[in-house]
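What follows is calculated from the coordinates using simple rules that are stated; it is not laboratory data. All figures in this text were calculated on a predicted structure; none of them were measured in a lab. A quick note on method: Cβ atoms are made from the backbone with ideal geometry, for glycine too, and the neighbour counts reach across all protein chains shown.
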Amino acid sequence: MALRFVSHPSPNFDAREIPVEFLVLHYTAVDLQGTLDIFSSSECGASAHLVIDLDGAIYELVSCLNGTAHRAWHAGISRWQEKEAFNDFAIGIELVNYNGNVFPFTNAQYSALKDVIQQLQQHYPSLNDPQRILGHEQIAGFRGKADPGCCFDWNRLFSDNFPDQPRPVRESVCPKALQTALEKLKPLEPVDREQRSLFWQRISELTETSVRLIQQGARAG
């Protein structure tokens, strides 16, 4: 059965085709509408190939599902093992979530992610290797990136998509103490949708700052 998705093109991409070697997962820090607004703005300078909403709806912003992947702007300065500059060879998927170190992801999102991975594997053989599925925090945790976060169930993802292969270790860069502090902010979120998204966007910025300082301290030590 063909994957069902909504096309929502972003202007923020490079038209050249990239060789797909990795898949990188992110959380959005805002709700779906805020995510689409940000990635539709040429001024923001950011995009992802795909966005998966809480209900499992899939949005394609930069071409990748048909077997031709263009270069999206999702990874930034990034490195993992011997690789750098992941925008040049990785598909980026944004999961709608205010902060993946605070809020769990939905069953519908895991189900849609499974469908997406199966579709991508048909076109990009490298993605049949579970080692090629990473979080933004694995490739840019040194910059404070903390997504998809400690609430993301990596074991579930690997069980769903690679049941017969060893599961790679994917550790969150968000310390438990910081996660506990972030959870205490939930009662403070505004009721208004736009204000709530802005609130959690700022909290995610603070999360990144905290993680970056922790990472810098660890390297200095």
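Table for the structure above
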item: Given charges at Cβ of Lys, Arg, Asp, Glu: segment 6-220 dipole, positive-most of Ala75, Gln216, Gln118; result: Gln216
item: Once the Cα gyration tensor of the chain is diagonalised, semi-axes √(5λ) in Å; result: 25, 21, 18
item: Selected from Gly92, Pro11, Leu50, residue furthest toward positive end of dipole (the chain; charges at beta carbon); result: Gly92
item: Sparsely packed trypsin sites (Lys or Arg not before Pro) within segment 162-221, loop by DSSP, other Cβ within 10 Å at most 15; result: Lys184
item: Neighbour-count order for Ile139, Ile38, Ile52, fewest beta carbons within 10 angstrom listed first; result: Ile38, Ile139, Ile52
item: Loop-located GluC sites (Glu not before Pro) in segment 138-207 whose Cβ has at most 16 other Cβ within 10 Å (DSSP); result: Glu171
item: Cleavage-rule hits (GluC sites (Glu not before Pro)) in segment 1-52: DSSP loop, at most 11 neighbouring Cβ within 10 angstrom; result: Glu43
item: Separation of alpha-carbon centers, segment 144-221 and segment 66-101, rounded to whole Å; result: 16
item: Theoretical ellipticity at 222 nm over the chain - DSSP helices of four or more residues, -39500 (n - 2.57) apiece, nearest 500; result: -10500 deg cm²/dmol
item: Test item: Cα-centred dipole of segment 70-180, Lys/Arg +1 and Asp/Glu -1 on Cβ, debye; result: 200
item: Size of charge dipole - segment 6-220 - debye, nearest 20, with Cβ of Lys, Arg +1 and Asp, Glu -1, no other charges; result: 640
item: The chain: most fluctuating residue of Pro148, Pro168, Pro187 per GNM, C-alpha cutoff 10 Å; result: Pro187
